[in-house]
Amino acid sequence: MRARWWGTGAVVAAAVCGTLVVQGVSGGDSGHDGKTAAAPVRDRVRSAALDVRGDGTGATLARRDAKPFSMLGVSWEKPSARLAGKVEVRSRAVGSGKWSDWLLLDSDRGAGEQKAARGGTEPAWVGLSDGVEARINGKATAKLPAGLRLDMITAAGKSTGGDAEPAAYVADGPDDTGEPVATDTPTPTSEPTDVTTTDPAPPEETTAEPSPGESSTEPPTDSPSASESTGSTGSTGPTDSAPPSDSATPSPSLSVPTAPRSTVPRPPITPRSGWQADESISPEAPTYIDGRIKAVVVHHTASTNDYTCAEAPSIINAVYTYDVTGLGWKDLGYNFVVDKCGTIYEGRKGGVDLPVVGAHAYGFNSQTTGIAVLGTYVDSPPPMAAMASVARLAAWKLGQYGVQPDATVTLTTALSGQNLAGRTWEPGEEMTLPAIHGHRDGYNTLCPGDAFYAALGTVRTLAAGPVTGLTLGTVTGTGTVGTTPYTNGPLTVSWSTTTPASLISSFRVLVDGRTAATVAGSATSAKLTLPAGTHKVQVEAVHQSGRTATSAARTVIADTTAPTFTTKPNLSLRTGTVNTTAVPLTLGWKAADNVSLKETRLTAPLARTYGPTVTSAAQTAKSGAATAWTLRAYDTLGNSASASVSGTPVILQETSATRSGSWTTKSSSSYLGGKSLGSSTKNASLTWTFTGRSVAWVVSRASTSGQADIYVDGTRLTTADLKSSATAYRNALWTRTWPTSAKHTLKIVVRATTGRPAVTTDGIVYLK
């Protein structure tokens, strides 16, 4: 919201000012990147007189047709006059033909420039419209200003399709006077009385022939701008990172100061050509602050927030046309304008890196720069993108003059005034204000809106630093034991912040307090490899101001130690049914890790995975063939170690045994090799000799089977009972395993158990 003054000492009542946008805008591209300057948009102002009531306290403009327009406002003859009352307008949308609701215009803007041609309300953007109606209800105690008219701004070449002459209004009733309204030729303007300026000669203007009931004020068609920007970036110094643009310092002259270096990078700024400013309507040279910028004043334009960011250039251009061509102001009052998407636009001309005097803060223009955000922020603050851009811009401008964005500054009042809080002052008084403050702090206005004003602390923090909300996130490439992350190689550290990346210079990953990795401010993670041992990992964020913030530390242990097999893999025979292709085996092992064992995987001759507490597994192997069994143990971090064992199961049939006593040969396909030996004779025996580390006795079993004593290397170890409720063949009934391979003898002796003396055997299996 702008406080634009003509130099009186009057205190103006509280106001909600700005540009009110209620519908979408129609228009072409506007060269946002500033690389290709689009042709200037030569908007025009058409006007229609309001019919004032006899008592002078009310006025109307009857509903009527109009040449298409997009913005409107009500103005009057004397810029010093006050309009006390309610000003309302409504418009008819092109295409749908629908009339809008009544729209309240803010009539208390403050004055514009010292030599403004007319006073006026804030303009309202209504979108492409071709019908209009207006009404003013004043106060009984005060007459309305003279020369009331409705000004309508048309974007030539956009809304109307060319530079055709304006169409006449169509009479809509007896209130249509049919008389043209004289359009004031704008008087060249200068700054408010708190700044000393030199006014150039008035610009020449051409005025189109008005239609009955309206007048048309158009910009010159062929006069070049007297103060068009040059394309130099000025002397902003090595810290200013913005690319050259046509919005930088004008050509040097005795009256143009040198652009000081800033302590922070310059944000991208769309030049005036980006919103297609017609410089020919504002030829007066800019004025510069005699000294330095001490503070940034933040405004909102009091427009609707329901606009697309592609429409922002057209809105800015229309306000410019209304202010300069319609009201005779020198230029836009704001030094910069920011849309809700965060795009920064050059406002008042003169060089974005120079201390251009604006017309935005009554009594303080000669000490401040003004930044306005398009929209109304009474109930909610601007989007973070917009606030971040305001912060970047404010930090850059203040950084040119050594002012910290979160500091307080002392401003000297140039004129008498009053702020929203009720504080009053006279010229020459000193006021202490934040370096970034709201318009309401220095003028009696609601600007920049309650919600935005409440969020200015956030803007100051964004501008000054340090980075806020820095949180160390996941650390990938690790395994967690309990709550502690472990790693055995490269890992990725991630983080997040509440400060937008555009305000962050870089991030550093700290390991035990020392920088281990540095990445750009737009990054959210970094990779690094830790040396073995226990470490504290943190992230440090470097704000563009140089201030730093450091996250909480997280302990990460780097471990490259592989698991060990405390018991090497080993094989042993187990009980079960024996086949020549599948001899029952047990594969045993024991693995451990210095931190945490995750699993053991069998990788050959087949693939299996076992949990960290499993130490054996039942397997089978083909008899007569050597088989290698390979295991790999893994810890939680992925460190691993392997070990293997080989074994050959060998079947020794009953015919290879040394016999004593009476044995009978039996034949059946159910026996190993198709034959077996049986005996019911007490003390009949069979003896086998072998070299191996495990042995199993293979028998046939039934409900009538008897018992036998088992001797190993001459020592009786046990008595085996062959009785079984179900008949079983090739059954490994008993096994014995030794730590190492050696030569052994196995002898079985028939006990001739009463009632079931028979013993039948298929031989033995040993493992070598």
Could you sort the peptides 469-475, 528-534 by per-residue average Cβ neighbour count (10 Å cutoff), highest mean leading? 469-475, 528-534
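What FRET efficiency would be calculated for the residue pair LYS139, ARG292, taking the C-beta separation as r and a Förster radius of 56 Å, to the nearest 0.05? Walk me through the numbers before you get to the answer.
Working: r = 44 Å, r/R0 = 0.78.
That gives a FRET efficiency of 0.80.
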Contour minus end-to-end for THR727 and THR665, with contour as 0.36 nm per residue of separation and end-to-end as the Cα-Cα distance? 20.5 nm
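Report relative contact order for segment 589-688 in percent, whole number only (criteria: Cα-Cα under 8 Å, sequence separation at least 6).
On the way: 159 pairs, mean separation 21.2, N = 100.
About 21 percent, as a whole number.
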Taking a threshold of 19 Å on the Cα-Cα distance, which of the pairs LYS743/LYS768; LYS682/LYS747; LYS86/LYS143; LYS115/LYS143 fall above it? LYS115/LYS143
What is the extension gain from LYS590 to THR412, computed as 0.36 nm multiplied by their sequence separation minus the C-alpha to C-alpha distance, in nm to one decimal? 55.7 nm
Just list whichever of LYS622/LYS675; LYS568/LYS666; LYS527/LYS590 have alpha carbons separated by over 31 Å in the model shown. LYS568/LYS666; LYS527/LYS590
log₁₀ I(q)/I(0) of segment 382-428 at q = 0.17 Å⁻¹, via Debye over equal Cα point scatterers, no solvent, to two decimals? -0.75
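Keeping all protein chains in place, calculate the accessible area per residue for segment 317-411 (probe 1.4 angstrom), answer in Å². Provide the component values of the computation, followed by the final result.
Details: 1590 Å² over 95 residues.
Per-residue value: 17 Å².
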Where Lys and Arg each count +1 and Asp and Glu each count -1, what net charge lies around THR480 among other residues with Cβ under 14 Å from its Cβ? 0
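If packing is taken as the mean number of other Cβ atoms within 10 Å per residue, what is the order of 538-549, 724-735, 360-371, highest first? Don't skip to the answer; put the middle values down first.
Working: 538-549: 20.4, 724-735: 16.7, 360-371: 27.9.
Top of the packing list down: 360-371, 538-549, 724-735.
Show me the ranking of peptides 681-690, 606-615 by mean Cβ neighbours inside 10 Å, starting with the highest. Present the calculation step by step, with values, prior to reporting the outcome.
On the way: 681-690: 17.4, 606-615: 12.2.
Order by mean packing, descending: 681-690, 606-615.
Return one whole number: the accessible area per residue of segment 667-768 in Å², for a 1.4 Å probe. All intermediate terms of the calculation are to be shown ahead of the outcome.
On the way: 4300 Å² over 102 residues.
Result: 42 Å² per residue.
The values are calculated or read from the model by the stated rules, or taken from the named source; none is laboratory data. What you see is a predicted model, and the numbers here were worked out from it, not measured in a lab. For neighbour counting, all protein chains shown are included, and Cβ atoms are generated from backbone atoms with ideal geometry for every residue, glycine included. Areas reflect the complete protein model, heavy atoms only, side chains present, ligands, DNA and RNA absent. Shrake-Rupley method; radii C 1.70, N 1.55, O 1.52, S 1.80 Å.
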